Amino acid sequence: MEPTPQLGRPAPLPRSPETAQLDRVPNPHPDTDYLARFTVPEFTSLCPVTGQPDFALLVIDYVPGAWLVESKSLKLYLHSFRDHGAFHEDCTVGIGRRLVDELQPRWLRIGGYWYPRGGIPIDVFWQTGAPPAGIWLPDPGVPPYRGRG
């Protein structure tokens, strides 16, 4: 079992996404394709131009390989964006790529449903390729923008 330094003990909030640690644990079913979903309804980051907060609902779906992301470390990693200035596209794709680098999943997709500023919502979607054949892939459950909230 790989160490999970943040699990079961106090862990400070990371100062930035670059310094945040993502812990992983062995997948108890590495021979089975299944989907794991994380829904993050209160993701925040900062606009890199104005410094104003941006808010999003993230939906992260992945088919694990040998590793699962440890959820406490994922929460701390995502929280590290609170004081991080980046555009919506950079946050969404960067989170997806970081998870792929750490976990080497069989497949991953992330949807960033960003709340509007200036009247325009920006939704950002990224995935590693086609999902594995036969995987149950439910709809993300986020309706098209009509005044989300």
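Details
- Among residues of region 74-121, those that are of a type in the set (Gly, Ala, Ser) and farther than 19 Å from PRO41 by Cβ, counted: 5
- Qualifying residue in region 131-139 (condition: of a type in the set (Phe, Trp, Tyr) and closer than 19 Å to TYR34 by Cβ): yes
- Taking region 23-61 as the range and being acidic (Asp, Glu) and either touching a helix residue (DSSP H, G or I) at 6+ places or on another chain (Cβ under 7 Å) or loosely packed, with under 13 Cβ neighbours inside 10 Å (or both) as the test, the residues that pass are ASP23, ASP31, GLU42, ASP54.
- Some residue of region 93-101 being in contact with an Asp or Glu (Cβ under 9 Å, 6 or more places away or on another chain), of a type in the set (A, V, I, L, M, F, W, C) and modelled with pLDDT of 95 or more: no
- Tally of residues being in contact with a strand residue (DSSP E or B) (Cβ under 8 Å, 6 or more places away or on another chain), surrounded by fewer than 17 Cβ atoms within 10 Å (Cβ to Cβ) and either outside any helix (DSSP H, G or I) or among the hydrophobic types (A, V, I, L, M, F, W, C) (or both) across region 62-85: 2
- Filtered by the rule that a residue be assigned to a loop (DSSP other than H, G, I, E, B) and either among the acidic types (Asp, Glu) or in contact (Cβ under 8 Å) with a residue 60 or more places away in the chain (or both), region 87-137 gives ARG106, TYR115, PRO131, PRO132, GLY134, ILE135, TRP136, LEU137.
- Among the residues examined, GLY8 qualifies as over 24 Å from PHE125 (Cβ atoms) and either at pLDDT 95 or above or not acidic (Asp, Glu) (or both).
- Here the condition is being in contact with a Gly (Cβ under 9 Å, 6 or more places away or on another chain), aromatic (Phe, Trp, Tyr) and under 26 Å from VAL142 (Cα atoms); of PHE43, PHE87, PHE55, it holds for PHE43 alone.
- A single member of PRO28, PRO14, PRO48 is under 21 Å from PRO132 (Cβ atoms) and assigned to a loop (DSSP other than H, G, I, E, B), and it is PRO28.
- Residue list for region 87-126, restricted to those being buried (at least 17 other Cβ atoms within 10 Å of the Cβ), among the small types (Gly, Ala, Ser) and farther than 15 Å from ALA20 by Cα: GLY111, GLY112
The values are calculated or read from the model by the stated rules, or taken from the named source; none is laboratory data. Everything quoted here is computed from the prediction, not taken from an experiment. FYI the Cβ positions are ideal-geometry reconstructions off the backbone, even for glycines, and counts take in every protein chain you see.
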